[in-house]
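We did not get these values from a lab; they are worked out from the coordinates using the rules stated. Computed from a prediction, not measured in an experiment: that's the story for all the values here. Note: ideal-geometry Cβ built from the backbone for every residue, glycine included; neighbour counts use all protein chains shown.
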Amino acid sequence: MNKLPQLFANNRRWASSIEKTDPDFFKTLARQQKPDYLWIGCSDSRVPANEIVGLMPGELFVHRNVANLVVHTDMNCLSVIQYAVEVLNVKHIMVCGHYGCGGIIAATEDKTHGLIDNWLRHIRDVRSIHLDELKGLGDKPTMLNRLCELNVIRQVSNVCQTTIVQDAWARKRPLAVHGWIYGIEDGLLRNLDVCVAGRRDFKRVFGG
Ligand code: CO
């Protein structure tokens, strides 16, 4: 059986390098986690949450799935949001998409991909809503990039509409939801300027 020894070797090197700068790092962390942020991102291996924002273990609570979707009935994602908001008291939730997202590309293709098409259906819905804008963009790469952004914006709206975030705002808890997009070609984050920090903010950004 292949026990992937190189990964265990990497792990020992990583753990000892951290302990070299802070001998109590893991002991302290084992007692509790106090992250200020919840990251909702894509599963894509090129978008590693902690590394991108330079945060250490214990500083970022993470949920990742294909195309960083927040589906209203996804108990996995909702449970993560609930734990992050109500137990860990995170102050910020960032939905972070990325350009070149395979999920976004697959959702726009005229072929089937099996089971995952049911998941990607949510992206097709986003595309339907914004079809006029997307058609007006002309070339396909520009259209795909914009759909990656529109998908993030939609998921920010979905996070804001969860009972969890609505309840937190009703209790006057400081909690902001952000929409970001990451460039796999340059390693840089861009802010999509849809930050929402309360119910009034939500109306201003999303209307309704
Ligand atoms: Co992706």
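For ASN10 and ASN50 in the same chain, what is the full-extension length gain: residue separation times 0.36 nm, less their Cα-Cα distance, in nm? Mind dumping the intermediate values first?
Numbers: separation 40, 0.36 × 40 = 14.40 nm, distance 1.72 nm.
Once the chain is fully extended between ASN10 and ASN50, it gains 12.7 nm.
Under the definition of Cα pairs under 8 Å and six or more residues apart, what whole-number percent is the relative contact order of the chain? It would help to have the intermediate numbers written out before the result.
Values: 276 pairs, mean separation 40.9, N = 208.
Value for the chain: 20 percent.
Restricting to DSSP loop positions (anything but H, G, I, E, B) with no more than 14 other Cβ atoms inside 10 Å of their own Cβ, which GluC sites (Glu not before Pro) remain in segment 128-208? Show your work: numbers first, answer last.
On the way: sites: GLU133, GLU149, GLU185; in loops: GLU185.
Filter output for segment 128-208: GLU185.
Taking the chain as a Gaussian network, where each spring joins two C-alpha atoms under 10 Å apart, which residue of THR21, THR112, THR162 fluctuates the most?
Per the Cα network of the chain with a 10 Å cutoff, THR21 tops the list.
Going Cα to Cα from LYS91, which lysines come in below 27 Å? Please leave out same-chain ones fewer than 8 positions away.
List returned: LYS27, LYS34, LYS172, LYS203.
In bins 10 Å wide, starting from 0, what share of all Cα pairs of segment 62-208 does each bin hold, as a percent?
11, 40, 35, 13, 1
Classify segment 14-88 from the C-alpha gyration tensor, please: rounded if a/c falls under 1.5, else prolate or oblate depending on whether a/b exceeds b/c.
The shape class here is oblate.
Provide the gained length on full extension for the span GLN161 to LEU131, in nm with one decimal, where the gain is 0.36 nm per separating residue minus the Cα-Cα distance. Walk me through the numbers before you get to the answer.
Numbers: separation 30, 0.36 × 30 = 10.80 nm, distance 2.32 nm.
Working it through step by step, the gained length comes to 8.5 nm.
Write out the trypsin sites (Lys or Arg not before Pro) in segment 110-208 meeting two conditions: DSSP loop, and at most 11 other Cβ atoms within 10 Å of their Cβ. Please list the in-between numbers first.
Details: sites: LYS111, ARG121, ARG124, ARG127, LYS135, ARG146, ARG154, ARG171, LYS172, ARG190, ARG199, ARG200, LYS203, ARG204; in loops: LYS111, ARG171, LYS172.
When the trypsin sites (Lys or Arg not before Pro) of segment 110-208 are filtered for loop state and at most 11 Cβ neighbours within 10 Å, LYS111, ARG171, LYS172 remain.
Pairs of alpha-carbon atoms within less than 8 angstrom and 6+ residues apart define the contacts here; what relative contact order does segment 38-120 have, in percent?
On the way: 82 pairs, mean separation 29.3, N = 83.
It comes to 35 percent, rounded to a whole number.
Would you calculate the separation in nanometres between label points at ALA30 and MET75, each defined as 7 Å from the Cα along the Cα-to-beta-carbon direction?
That separation, rounded to one decimal, is 3.3 nm.
Cα convex hull of segment 1-149: mean projected area in nm², to one decimal? Don't jump to the answer; show the numbers that get you there.
Numbers: hull surface 50.0 nm².
The Cα convex hull of segment 1-149, projected and averaged over all directions, gives 12.5 nm².
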